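Undergrad: Sharing a structure, written as C-alpha cells. Questions coming.
The values are calculated or read from the model by the stated rules, or taken from the named source; none is laboratory data. Keep in mind it's a predicted model, so treat the numbers as computed, not measured. Positions of Cβ are generated from backbone atoms using ideal geometry, with glycine treated the same way; all protein chains shown enter the neighbour counts. Ligands, DNA and RNA are excluded from the accessible area calculation, which covers all protein heavy atoms including side chains. Shrake-Rupley method; radii C 1.70, N 1.55, O 1.52, S 1.80 Å.
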Amino acid sequence: MLPDPRPVRAFLDPKHIDFAARVAEFAAREIAPLPAPADDPAARVQAKEILTRLGSGGWLAPIGDQDWRSCCLVREALGAASPLADAVFALQALGTLPIMMGSTDDLAARWLTAALQGRAMGGFAMTEPEAGSDVAAMATTARRDGAFYVLDGVKTLISNAGIADYYAVYAVTDRSKGTKGITCFVVPADTPGCRFIRPLILSSPHPLGDMAFESCRIPAGQRLGAEGEGYRLGLATLDRLRPTVGAAACGMASRALSEALDHATARKQFGKPLADFQLVQEKLSRMATDLTAARLLVYRAAWEKDHGAERITLEAGMAKAFATEAAQRIIDDAVQILGGRGVLADHPVDRLYRSVRALRIYEGTTEIQHLVISGQLLKQHRGES
Ligand SMILES: Cc1cc2nc3c(=O)[nH]c(=O)nc-3n(C[C@H](O)[C@H](O)[C@H](O)COP(=O)(O)OP(=O)(O)OC[C@H]3O[C@@H](n4cnc5c(N)ncnc54)[C@H](O)[C@@H]3O)c2cc1C
C-alpha cells in the first residue's frame, strides 16, 4: 500500500530511503487507522488531532529544514494513508514558509517553533471571491496607520479557516504598483476584526471556509518582508510546494493502484481473475507507468531545489500539472477495476477519487501550470533567461 522509494532512488540520498520507510510506518500505524470523519465538524477535530501527531512525531521538521525531498516523502505517505492528514501537512508548510522567508526574529520566535511542533495551526489566505488564478485582482487592502496596518477584505476557499491559530494574509498596500503593491502579513486568529465567516463543505474531508478582515489592526512588525514583497513571497512559497502537491497526488494514486491490484487478482469473473484479462492488464500497465513518470518529475523538481536551484518554476509546474492529472486518471481507472464496489462511499478508492480532484485546482490550476511552463519555455527559447 505504501509508496516504494526505489523507482525514484536516483533523486534520493541514503537518508531519504531510511526516512521513507519510517514515515510510511508512522502513516500506517498512526494515520491510516483514523476513522473517516462523518462530517465537517468531525474533520475539523480530526485535523487538529493529526497536527498534534505530526508535530510530536517530528514529521513537520522537513518543512523547517526546507528538505523538499523529505517533504515529498511525507506527503506521499500521508496521501496514501489519509488525504486529510496530507492537507494538514500541506497547510502547515503553506503557513510557515512565508514566515521563514520573510519574518523578523520576533515573529519567527512566536510562530515558527510552535507551528513546526504542531502546537499552532497555520493558514494561507490569498484567494478572494474575485481573485482566484488572477491573484493581482485581489481587493483586500492593508492601510498603514502609524505603527500599525489596518486590513479590510474577504478571503474565500481558505483551508483551515476557522481552526487555524494564525494566517499568512496577502493584501494590497499600493494598488498603483500592481503585483509589486501586494504585501504579506501574519494575522493571529484572535486579532479583533479577523473573523471566520462560514465553513465551505468539500466532497472530501478538508476544513475550508471564508474569512473576513474588518478594520483588523495589526502591528507593523507582523509584516513579512518589505512592503510590496508579498506577491514574490507567495510565488516563492508556491514554487517550493508545488512538487509536494504532486507527491501527495502520487501517494493517493499508489494507494489506488495497490487497491486495484488486490482486487484484480482476487475477484473472479468469467471463471478467472480480472487480472487475467488483457483489457484490465492494459489499465494496470498505464496506471503504473503514469505513476512512475509522475514520481520522477516530482522528485526531479525537489532534487533541483535541494541542490540549490534558485527557482524551480518550470520543474515545479511540470511536476504538479503532470502528477495531479495522472493521479486523477489512475484513481479513475482503479474505480473502474473495482466495479460497483469502487463507487461505494466508504471504499478507500472512492474516498481517493473525491480527494484527488482538488489537487488539480489549488496552488494554481493545471491550466495556470501550463501557462507557467510555456512561459518559461518561450523565455528560454528567446534567450531571455
Ligand atoms: C480544496 C481547496 C483548498 C484551497 N485552499 C486555499 C488556501 O488555503 N488558501 C488560498 O488562498 N486559496 C486556497 N484555495 C483556492 C485555490 O487556490 C483557487 O481555487 C485556485 O487558485 C483557482 O481559483 P478559482 O477557484 O477562483 O478559479 P478561477 O481562477 O476562476 O478559474 C476557473 C477556471 O478557469 C481557468 N482559468 C483561469 N484563468 C485562466 C487563464 N488565464 N487561462 C486559461 N484558463 C484559465 C482555471 O484554470 C480554472 O479551470 C483552495 C482551493 C481548493 C479547491
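Undergrad: Quick one: in segment 245-279, of everything that is open to solvent by 10 Å² or more (accessible area, probe 1.4 Å) and under 19 Å from the mean Cα position of the chain (by Cα), which residue is nearest to Arg300 (Cα to Cα)?
TA: Checked segment 245-279; the qualifying residue nearest to Arg300 (Cα to Cα) is Ser254.
Undergrad: Which one of the conditions (1) touching a Leu at 6+ places or on another chain (Cβ under 6 Å); (2) within 18 Å of Leu91 (Cβ to Cβ) does Ala171 fail to meet, given that it meets all the rest?
TA: Only one criterion in (1) touching a Leu at 6+ places or on another chain (Cβ under 6 Å); (2) within 18 Å of Leu91 (Cβ to Cβ) is unmet by Ala171, namely (2).
Undergrad: Check every one of the strands (runs of 3 or more DSSP E) wholly within segment 148-239 and list those with 1 or more residues that are at pLDDT 95 or above, surrounded by fewer than 22 Cβ atoms within 10 Å (Cβ to Cβ) and out of contact with any helix residue (DSSP H, G or I) (no Cβ under 7 Å at 6 or more places or on another chain).
TA: Hits in segment 148-239: 148-159, 182-188, 194-199, 208-219.
Undergrad: Note down all Cβ pairs under 8 Å where the first residue falls in segment 124-142 and is more than 11 Å from Met211 (Cβ to Cβ), the second is open to solvent by 50 Å² or more (accessible area, probe 1.4 Å) and within 6 Å of the ligand (Cβ to nearest atom), and they're at least six residues apart or on different chains.
TA: Between residues of segment 124-142 that are more than 11 Å from Met211 (Cβ to Cβ) and residues that are open to solvent by 50 Å² or more (accessible area, probe 1.4 Å) and within 6 Å of the ligand (Cβ to nearest atom), the close pairs are Gly132/Leu157; Ser133/Glu367.
Undergrad: Please pick out the residue among Asp152, Asp86 that is of a type in the set (D, E, K, R), closer than 24 Å to Phe196 by Cβ and within 16 Å of the ligand (Cβ to nearest atom).
TA: Asp86
Undergrad: Inside segment 95-105, can you point out the residues that are in contact (Cβ under 8 Å) with a residue 12 or more places away in the chain and open to solvent by 10 Å² or more (accessible area, probe 1.4 Å)?
TA: Result: Met100, Met101, Gly102, Ser103, Thr104.
Undergrad: Just to be sure before I move on: is Glu384 of a type in the set (Asp, Glu), over 19 Å from Lys283 (Cβ atoms), open to solvent by 30 Å² or more (accessible area, probe 1.4 Å) and part of a helix (DSSP H, G or I) in the structure I sent?
TA: So Glu384 fails the test.
Undergrad: Same structure again: Do any residues in segment 7-19 that are over 16 Å from Val298 (Cβ atoms) have Cβ atoms under 9 Å from those of residues that are small (Gly, Ala, Ser), where the two are at least six apart or on different chains, and which pairs are they?
TA: Note: pairs meeting the criteria are Lys15/Ser70.
Undergrad: So which residues in segment 23-41 are assigned to a helix (DSSP H, G or I) and without any contact (Cβ under 8 Å) to a residue 24 or more places away in the chain, if there are any at all?
TA: Of everything in segment 23-41, those that are assigned to a helix (DSSP H, G or I) and without any contact (Cβ under 8 Å) to a residue 24 or more places away in the chain turn out to be Glu25, Arg29, Pro41.
So that you can scan it fast, the table gives a plain yes or no per residue for (1) over 25 Å from the mean Cα position of the chain (by Cα); (2) within 16 Å of the ligand (Cβ to nearest atom); (3) farther than 18 Å from Ser133 by Cα; (4) at pLDDT 95 or above:
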position: Arg341; (1), (2), (3), (4): yes, no, yes, yes
position: Asp350; (1), (2), (3), (4): no, no, yes, yes
position: Glu367; (1), (2), (3), (4): no, yes, no, yes
position: Gln380; (1), (2), (3), (4): yes, no, yes, no
position: Glu384; (1), (2), (3), (4): yes, no, yes, no
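Undergrad: Taking Val356, is it within 16 Å of the ligand (Cβ to nearest atom), of a type in the set (A, V, I, L, M), surrounded by 20 or more Cβ atoms within 10 Å (Cβ to Cβ) and part of a helix (DSSP H, G or I)?
TA: yes
Undergrad: Between a residue in segment 179-192 that is more than 18 Å from Trp111 (Cα to Cα) and among the small types (Gly, Ala, Ser) and any residue that is outside any strand (DSSP E or B) and open to solvent by less than 30 Å² (accessible area, probe 1.4 Å), which pairs come within a Cβ distance under 9 Å, given they are 6 or more apart or on different chains?
TA: If the second residue must be outside any strand (DSSP E or B) and open to solvent by less than 30 Å² (accessible area, probe 1.4 Å), the pairs left are Gly181/Gly228; Gly181/Gly230.
Undergrad: Quick one: which residue in Arg311, Arg351, Arg295, Arg329 is among the basic types (Lys, Arg), in a helix (DSSP H, G or I), surrounded by fewer than 24 Cβ atoms within 10 Å (Cβ to Cβ) and in contact (Cβ under 8 Å) with a residue 60 or more places away in the chain?
TA: Arg351
Undergrad: Any chance you could count how many residues in segment 109-133 are more than 10 Å from the ligand (Cβ to nearest atom) and among the polar types (S, T, N, Q)?
TA: 2
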